[in-house]
Structure formats: C-alpha cells, structure tokens
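Here the structure is laid out as structure tokens; the discussion comes afterwards.
The values are calculated or read from the model by the stated rules, or taken from the named source; none is laboratory data. Nothing here was measured: the structure is a model prediction, and the numbers come from that model. Neighbour counts run over all protein chains shown; Cβ positions are idealised from the backbone, glycine included. The accessibility values were calculated without ligands, DNA or RNA, using every heavy atom of the protein model including side chains. Shrake-Rupley method; radii C 1.70, N 1.55, O 1.52, S 1.80 Å.
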Amino acid sequence: EEDNEEWRPSEPKTKTCKADRPPASKKLKAPLKRTTKRTEAQASTQPQAPEDPTHLKPAVLCKPAAEEKTKTAHVLANTGKSVLPARKKKQMKEGQKKSIAGGNIKKQRSNSPEEEMANKSGSSLSGFKLKKEEQVEDEDFTFDEPCPKKQKTSRACLGHPTFSPSSAIYVHFSQLLSNLTCVERWVCENIIMLLREDNTVPFVVRYRKDMINHMDADSVRDVQLVYQELCSLAKKTQSVIQTLKKDGVLTTDLEQTLRSCRSVDELDHVYAPYKKGSKLTKARRAKALGLEVAASALMETPQTLDLRKWLKPGVEGLSSVEEVATGVEHILADMIAKDPETLTHNCPVTIQSSVSKAALKEKVQGKDIDKFQLYCDFTCNIHRIQPHQTLAINRGESLKILTVKVNIPDRVKSDFSRWCLNSRWRPKTMPREEHHLILKNAVDDSYKRLIQPFLSRSYRTKLTSAAEKESIAMFVRNLRQRLLAGPVRGSIIMGVDPGYKHGCKLAILSPTSQILHTDIFYLHASSQQREAEKLRYLMSKYSCTKVVIGNGTACRETESLFADLISRGNFHPLDVSYCITNEAGASIYSVSPEAVKEMPDLDPNLRSAVSIARRVQDPLAELVKIDPKHIGIGTYQHDVSTSALKAALDGVVQECVSFVGVDINMCSETLMRHVAGLNVGRARSIAEWREQNGPFINREQLKLVKGMGPKTYQQCAGFIRINPQTRTCRDHFESQGPKGKGKAVISVSTSFNPLDQTCIHPESYHVAQRFLSIVGGSTDPIGSSQLRQRVENKLRSSSMEELAKTVDTSTETLQLITDGLTQPPGFDIRQNFGQADFKQGIVSMSDLQVGTVLTGRVDNTALFGAFVDIGVGRSGLIHKSNITPDKLPVNQRRRSLALGPGERVEVRVLNVDHQRGRIGLDLIRVLQ
C-alpha cells in the first residue's frame, strides 16, 4: 500500500451504496408475513448482486409440476403447513438422516421467507423468466451480462440430484437461483435445504459434496448470498406494500409495480414519492385531480379523448386545456419512469472524474491532490472501468478532492424517445396530433426529470457493487493463503519487534510456542557490540537457530545487523538464519483482551515480539486472534461495505480453521471459536469443561459440554481432533450430562477411538469399520504404511464406485474415509504449502539493475497487481498486465490475478525508482 499511495485508504466509510439486488416477482400477488427473527448470517451479511437482474422480466418461469407437486403446493397455499419433513425422511439416506436430528427442522422452517411466499401465493416467484440476450453495439453499456455457461461443478452425478425435495417451496426459488448464479437447479435446491437446516459452509463442502456436486466454499457462499438477497428483497417489498396499504395509498397498479422491482434501488425509486414527509409529486397531484382516467384513455383510445371534459374553471390544474394536458403529461412521465422495461433500455455511458473546485482552493493549504493524480482528468467507458479505479474515484469523491459525474450522450435521449413513442409506449390506435404532442412531452419530461438522474445513481451503485465484490474476493483469497501458510515445526524461534529509541523487543519460543525468554536489546545504539555479545549468548543458551523479524520500523537496519553477524560467524557453531514477516496488527493484538488474558504478566511491547514469532510457527493459530482487516491482506478495506467484508472474511477464517482441524486438547479458546458450528459461548464452555475434567478422550465427550446440541455436534465434530499425544487415559470416567435445567443425563463412550484423530465424520464411523473389514485392517495403526498398503491394493483391484456400493455409501464419503485412514498421524494439509523463507544474506535496493532476475515470495495482492518481497526492504510490484496465462501453471490460469500471498515466483526487474522507493517487476514464472 505504501508503494501505491494514491490508492491508500484514508478513513472508513460509514455508509455505502447497496448493491443491485435480484428482482421480486411481478406476479407475487399475496402479501408476505414479516419474519419474527433473522439468522445471524442474514443480519450481518450484505449479499452480492446477482449476475443478471437486468435480463429478467415478469413471465412464467417453470412449467407446471407433476400432480404430486401440485398437491403439495396446494396444501401449502391453503393450510400454511409444510409436508417437507415427512418427504425428507422418505428420501434421505442413512448418513443424511442425522442432519435433521433433534427436531431442528420444525424450528428452523418457521417464518422462512420463501415458505411464507409459497403459503400465500402458491407460486410466489414463478413470475421470473430470463429475457433473450439483446444484441447491442460494442460500446453500449449493459451492466449485468448473462453467464456464458453453466458453472462447472464436477463430473459427479451427471446433472442428477443426490437429494431433491419435492416441495413447491423450493422449486421456484431454486430455479431463480439457478438462473442468477448459473448453478444447476437441483444443486440450488439442495443448498437451500441445507442452509435452512443451519448447516455451515465448511460442513456442507466437506461432508455433503454429493449434494452440492463438488462446489467449492466460495461458490456455495455466492449462492447463499443471492438466496439471502432474494428473501431480503421480498421481505422489504412486502413491508413497503403493508405501509402503503396502511396509509391508504396502495392501488393495484402500484402494488404490481412494486412487486416487479428487480432491485432495492428500483424499489426505493418507486416508493420514494409515497414516503411520509416527501413532497407530493407532480404525478400524484395530477392523479388527485382525477386525470389518471384521461392518461389511460390517451394510451388505450386516444381518438375518443377530449381534454375539455376535465375543465373546471377556478380549480388550479384544471382551469385550462393546457393545465389538463400538463397534468396528463406528468402522469404519463411517472408511468414511463417506473416501467421495468424502460429502465433496462441499453445506452452507452461514460464516467468522468476531475478535481473539485474545493480541492483547488485548498491546494495552497496542503490539500493532497497528488495521490489522485491519475483521476484528476479521467474519462472511461462505464463498461470498461476497472474495479480498483472505481474504488479510487469513490474515495477521492468522499474526500471532496474529486468531482464525479456519469455522462450519457445526447443522442441517447433521441434514441430513447424514438423507442418509447414507436414501440414501448405507442398508443393502441393512431392519436391526434395534439395527443401525440402530449405523449412526446411526457417522454421528454420523464427522461430529463426522472430517468436520467435515476440511471446515473443506478450506474454508480452498480459500479460500486461490482468493485466491492472484486475487492472482497481479493481479500478473501489473500487471507486464505496467508492463514494456510505452512507452519515451521520443531524449531526454537526468536521473534524480533525492531525499534530504534525503545530498542528491539525479543521473545524466544519453544517448538510448542511456549515463552522461554523475553528481553529488550538496543542493537542500534552506541553499545551495539556489547548487545551483540549478549545476543550471541542468549541464542547459544537456548540453541535458537531461526530469527523472525517484523517488517515495521527499523526492520531494514535490524536485518542488516543480523546478516552481518551471521556472515562474521558470530553465532558459530549454530547455523542461524532469519526471515522477515508481516507484523501488521501485532501492536493492536498486544493490547487486546485476548493478549492480556494469555500473557497477563508481559509488557505489551514484548507481547508483539511473541506474536511475530508465532506467526511463523503456526500462522493460522496466531492470525485468527487478529481482526482480518488489520493483518495487511489487501487494499481498499475502508472503501467496501463493512458488513459484507466482515462476513466474507469471517467465513474464510472458519473455512481455514475447520479444514485444517484443531486439536481440542491443545488449541486456544480463540481458535476454537472459528470451528464450524462453534461460537464464543460454546468455545468458552469447551475450555471450561476441559479445565474441570481434563483432556477429552474422544469426540463423543463433546456432547457433555453445555450448549452442545445435536446440530452443533454434527457441524463441529468432523473438524475436531483427539490426538493420542495430547489426551490422558483415565481408568474411570463418570458420564454426566451438562449441568442445567432440562438437561438429561447423556451416556457416552469412555474409550479412545483412533478415528477421532482423522477427518472422518462420526456419522461415517460405521462405514469406515465396514471398509476396514473388507481390506482386512483395523483402526489401531491409523496412517501406518501397512494399512496404507492394504487400502491402495484394494483400490487397485476394485474401483471407488464399486467399493462405495459394497459399503453402502457415496464415493465422496468413501474418499474421505480412505484419506483419513491413510494419512499419517498428525497430518496437516498445510505441510505442502509454502513456509517462510529463511535467509542468511541481503541485497540492497541500490544493487538492483534493470533486467536483473530474482526470486521472491508474493507478499500481498491488490486489484491492480501483486507485491513481491525480493529481499531488498521494499516490495516490488508486478502489474496485472504482466501476469499473463502463459507464465502461469495450468491449474492457476482461471484464478483472479492468479497469484496470492506466499507463492514463490521468479521475476525480472523492469524499473527502479529510488526517489519514490518503487520497484517494477515482470513475472517470469511461478516456482512450484
């Protein structure tokens, strides 16, 4: 971010433009109930805009269902009761039945938005159908392009649902989701069902692969967000309708218009004139005078229209034919502006930014315009503008440095008028000249006064929404790669928080992250030689061979000092090496309640040194303690929707922690909070149970923890490990239920189960035992070479599909079982990921020459390129134009920007700007 100051965030936004949202059905005739409560995800997430809302129009989407489905819909519509649980029990397999254990379905189904719509209208979302893609010129702007093809999910299932509920509730929502997300409809049906049962995304992605056709976590979250947005839009539409009905201004036409809105912006556009406190619009004043009948007659039977019939001398607005004609024009202009087809008319648009007058006046007083130099005279087709450019322009506008406007060419007005008069708003019969003039004036007035301002706002909103989506996707990807960096195991590590006046803070940690020693060394003072001797003694005493230096103040000087000491053999006979790590967020963490609780007797400055060392020992366990926005994983964190960013980052943290797995007897309470199904309260309960009763012997004992119900246990059990090294076997264990009212005594096993140290879910243990009996093995030597050989031999002689049928399970579940049985004890999915690079020498920026070829590691990625640490104290930038598919491995060519934090690359120096401290790089290849 320092290398690209013009895009550096300055202050958080308190309010952001909402994204375009999917349409509510024009045929949604019955009102919606207000839901009594919302889920946490719905409350905290602002879903992303769907792919193609502009190509939707009211029409019947689905063909009539089979007779049985029709009966189901009829029962739902007339009684308000669902027959879903009974049908589920008939269709679900044994392994899936556990997902509805404990009677959760009944509770979770209540007040579901899509069920209420089905109850009241039978086919609440059947009014949507994709329009055929219109042919537009190259330069024409059409914001929401249709998906070019169905999203690839997997080779499995061949497009047939693993489990597809027959209830009419799902049919319409799933079809609409399929259209908007380009995911097969049966997959959308299953995702809706799984989400309504409170299944977490990590659980669904790992243990319900067959139901989602092997979609990854990001794709499932995309469908989830669009689904939530559909429910949210329908709920808001119903709320507006109820308000207008209460105020006595709701008409059939107005209700139809509200229900046909395809986004929140459109809904607000239609609702704005009717809000309490808003001025009475020109159209409403004309309607109050009774001129709505005249406007309707002009469109239906213009030959019979005589405006003189509405004359009322002395009444304002009706005292002359001209006033009557003006009133009719206002009504027609309002109708045109609120028509869905009118608002989706395509037109070429550009966005322009320039220096504001206020900024020019204040420049003498120090107003910083240089950071926005690229955008002081900037014009770009709205269809081609890049996401980072949109966010930079928005930031400049919020700082009152830039003035931004949307330019719609003058010819668009004439094209629009011609289209309205000759096509969309053409009267049914030939009107007289004076009536045609009224209609023409209405079209011109509607465009200038209503449509053009709305479209300008709408385009800005859509641009911001698309840019935020890209920015958040980049954050998510950076965070995932940062969290999943390979841990450095088995080494004593020294963490160094560099400093000048207040010295360098040091912390030496054991291989298990226990604090062995902390101290402060003044390595940059006059007593440098004496401090170096003390440092050598300390490293010899603890046999410390690896040093981790934070990249903050005095990092460069501290790195030079260690490189010099190593080159002079100061630490002989120890083979010492060092690395630089990003210390972003360490100072914030050091004064946080978590740090105080974890290290109560340690000075906050020394806590940051501990955090720096632990970031290399186990990046995941340490970084989850810090707000993702503070760990240096991207740009524009203050320019995107706070709630959407938080929801996305929290989701990827949960995904990473869950997929890596946690040793329940060792992990911190903070780490436990991010396991799928757990939260702050449940993590605290587990930690308290562990303190009172000692280590867990098996996963089943989790059922004894307060607040651990069947659904929570199902979601978290597969991601929790009970490793033999961290448990303590006890001769006697009394099974007690959790203390609390209404809690029954729970009987659990008191023996260790070797499967508890694997990724195999407890719901599949019986399948694992059947498979083991077939291969002739047992659970005792989990991960041993003998068991691995037996499994591999069996897989060579029989296919995975045949074995899955033999043990009565799906191939996906059997694959998880074989992985769990053959992976060695303590297996970590991060072991194949890149670790921190430890080095013994340095290169200075002054040594760089254009054309020099270097290797480095990606430190951070932004929307405009990737920053690479090449060991010279400054990260170099590979602009995205230099990241081309031919330079990338095949498996990375479809990824956004294709590079992420932690990846090793070979680069060539393109330019060096010593004055500004900038290095331009070209990507040669990605090192595997």
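Observations on the model:
- Pairwise label distance in nanometres, Q373 with R770, each label 7 Å out on the Cα-Cβ vector: 7.0
- The trypsin sites (Lys or Arg not before Pro) of the stretch 422-497 meeting both criteria, a DSSP state outside H, G, I, E and B (loop) and at most 16 other C-beta atoms within 10 angstrom of the site's C-beta, are K428, R432, R489.
- Residue-span extension gain [K357 to D847] - 0.36 nm each, minus C-alpha spacing: 172.0 nm
- Using the Cβ-Cβ distance between L280 and S456 with R0 set to 25 Å, the FRET efficiency works out to roughly 0.55.
- Computed label-point distance, nm, for sites E594 and K440 using a 7 Å Cα→Cβ extension: 6.9
- Within the stretch 256-319, trypsin sites (Lys or Arg not before Pro) in DSSP loop having at most 14 other beta-carbon neighbours inside 10 Å: K275, K276, K279
- Rounded percent of accessible protein surface that carbon and sulfur make up, the stretch 341-481, 1.4 Å probe: 50
- Relative contact order of the stretch 760-822, pairs being alpha-carbon contacts under 8 Å that are 6 or more residues apart, as %: 44
- Cβ crowding within 10 Å averaged over residues, with 790-801, 368-379 ranked highest first: 368-379, 790-801
- With R₀ fixed at 22 Å, the C-beta to C-beta distance from R684 to T512 puts the FRET efficiency at about 0.45.
- Largest-first ellipsoid semi-axes for the stretch 341-481, taking √(5λ) over the Cα gyration tensor eigenvalues, angstrom: 39, 20, 10
- Accessible area in the full protein assembly, largest first, 1.4 Å probe, for I924, I393: I924, I393
- Computed FRET value (nearest 0.05) for E322 with D268, which takes r as the C-beta separation and R₀ as 25 Å: 0.15
- Between the stretch 775-805 and the stretch 263-330, the alpha-carbon center distance in angstrom: 79
- Solvent exposure of T304, expressed as accessible area, is near 90 Å², computed with a probe of 1.4 Å over the protein chains only.
- Accessible area of the stretch 341-481 divided out per residue, in Å², using a probe of 1.4 angstrom: 49
- Qualifying GluC sites (Glu not before Pro) for the stretch 230-309 [loop in DSSP, other Cβ within 10 Å: at most 10]: none
- Spin-label model, K428/Y542: points 7 Å from Cα along the beta carbon direction are separated by 8.8 nm.
- Across the stretch 341-481, C-alpha contacts under 8 Å between residues 6 or more apart give a mean separation that, scaled by the residue count, equals a relative contact order of 32 percent.
- Cut-off 18 Å (backbone N to label point 7 Å along Cα→Cβ of K405), residues of the stretch 449-463: 449-461
- Out-of-range pairs (alpha-carbon distance over 25 Å; input K338/K469; K312/K448; K209/K236; K546/K625; K646/K887; K546/K597): K338/K469; K312/K448; K209/K236; K646/K887; K546/K597
- Remark: the R796-E906 segment gains 35.7 nm on full extension, using 0.36 nm per residue and subtracting the alpha carbon distance.
- If you bin all the Cα-Cα distances of the stretch 760-822 at 5 Å, starting from zero, the percentages per bin are 4, 20, 36, 28, 11, 1.
- Computed over the stretch 852-926, Kirkwood Rh from alpha-carbon pairs, angstrom: 12.1
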